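The values are calculated or read from the model by the stated rules, or taken from the named source; none is laboratory data. Remember, it's a predicted structure, so these values are computed and weren't measured experimentally. We place every Cβ from the backbone using ideal geometry, glycine too, and count neighbours over all the protein chains shown. Please note that ligands, DNA and RNA were not included when accessible areas were found on the heavy atoms of the full protein model with its side chains. Shrake-Rupley method; radii C 1.70, N 1.55, O 1.52, S 1.80 Å.
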Amino acid sequence: MSDDLKRRAAAAALDFVEPGMKLGLGTGSTATHFVTLLGERIRQGLDVRCTATSSVTEDHARRSGVPVEDLDVLLTLDLTVDGADEIDGAFRLIKGGGGALLREKIVASASDRMLVIADAAKKVAQLGRFPLPIELVAFGHLSTLERVRTHLSALGYDGSVALRANADGALFRTDNGNVIADADLHRIDDAEHLEASLTLLPGVVECGLFLGIATHALIASEDGVERLER
Ligand code: 5RP
């Protein structure tokens, strides 16, 4: 059911796409639906240029007939369409459940507009139930992890902070060769301070808080697709 809602949000996103646009393609199951549907439009003659936020999305795009170029060729984008793990009433997001947060944030920040596509379960009154992904440089990551734990504890967060692993138990690696710590924060009260202070810690590359980046959202529920604008 949730997958059907994700597909409906993705289908509604096609209304935002215009010929000649430069697009950022997100990562995750909802974004995958969008790429599939975009591929159908491209086969019918739509002319757009695209860049991907992960190797998984890039592979899926090529298989779906969606041309993919390097962000450094396109430089700036008209629109990025991506999913989210949480979105609050102020268009603040938690992303990175798929491990692509760094490239997702770079691509969305290069875009005039970021459109979030999601099923209604992602809409929250308060960020933090979904564990916050924090990307760490692989070098010294156990030491950095300790620094992150100490920092979060000093801010009053007492939940666990664990390195992400694959199903086979091996350490998860991002497309950038980094690792991810998932922080169980339960409730984020000051997302702006949290993001700013976390990303100042040596060894922390990025965190999954997207603040002031998303401009539009399409939230699918059984009642239809809600269209929101910041
Ligand atoms: C990947 C992400 C995804 O957008 C997020 O995890 C949502 O995924 P899904 O669409 O599969 O629910 O941030 O890094």
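Mind listing whichever residues of the range 98-122 are open to solvent by less than 20 Å² (accessible area, probe 1.4 Å) and basic (K, R)?
Hit for the range 98-122 is K105, nothing else.
Given P19, P67, which one is more than 12 Å from the ligand (Cβ to nearest atom) and out of contact with any strand residue (DSSP E or B) (no Cβ under 8 Å at 6 or more places or on another chain)?
P19
Please name all residue pairs, on different chains or six or more residues apart, with Cβ atoms under 7 Å, provided the first residue is in the range 27-45 and is under 20 Å from S221 (Cβ atoms) and the second residue is among the charged types (D, E, K, R) and open to solvent by less than 20 Å² (accessible area, probe 1.4 Å).
Pairs found: A31/D82.
For residues that are within 12 Å of the ligand (Cβ to nearest atom) and among the basic types (K, R), tally how many sit in the range 98-157.
3
Quick check on this structure: which one of T80, T51 is closer than 17 Å to G212 by Cα, open to solvent by less than 10 Å² (accessible area, probe 1.4 Å) and without any contact (Cβ under 8 Å) to a residue 60 or more places away in the chain? Talk me through it step by step, then tell me what you get.
On the way: T51 fails: closer than 17 Å to G212 by Cα.
Selected residue: T80, the only one of T80, T51 that is closer than 17 Å to G212 by Cα, open to solvent by less than 10 Å² (accessible area, probe 1.4 Å) and without any contact (Cβ under 8 Å) to a residue 60 or more places away in the chain.
Quick check: is even one residue across the range 90-97 among the aliphatic types (A, V, I, L, M) and near the ligand (Cβ under 9 Å from one of its atoms)?
Yes - at least one qualifying residue is present in the range 90-97.
Filter the range 132-162 for residues that are in contact (Cβ under 8 Å) with a residue 12 or more places away in the chain, open to solvent by 40 Å² or more (accessible area, probe 1.4 Å) and of a type in the set (V, I, T) and give the result.
Once the filter is applied, which keeps residues that are in contact (Cβ under 8 Å) with a residue 12 or more places away in the chain, open to solvent by 40 Å² or more (accessible area, probe 1.4 Å) and of a type in the set (V, I, T), the range 132-162 yields only V137.
Scanning for something open to solvent by 60 Å² or more (accessible area, probe 1.4 Å) and not in a loop (DSSP other than H, G, I, E, B), does the range 188-199 turn up at least one residue?
Yes, that holds for at least one residue.
List the residue pairs whose Cβ atoms are under 6 Å apart, where the first residue sits in the range 109-121 and is of a type in the set (S, T, N, Q), the second is modelled with pLDDT of 95 or more and near the ligand (Cβ under 9 Å from one of its atoms), and the two are 6 or more positions apart or on different chains.
That search, which allows pairs on different chains as well, returns nothing.
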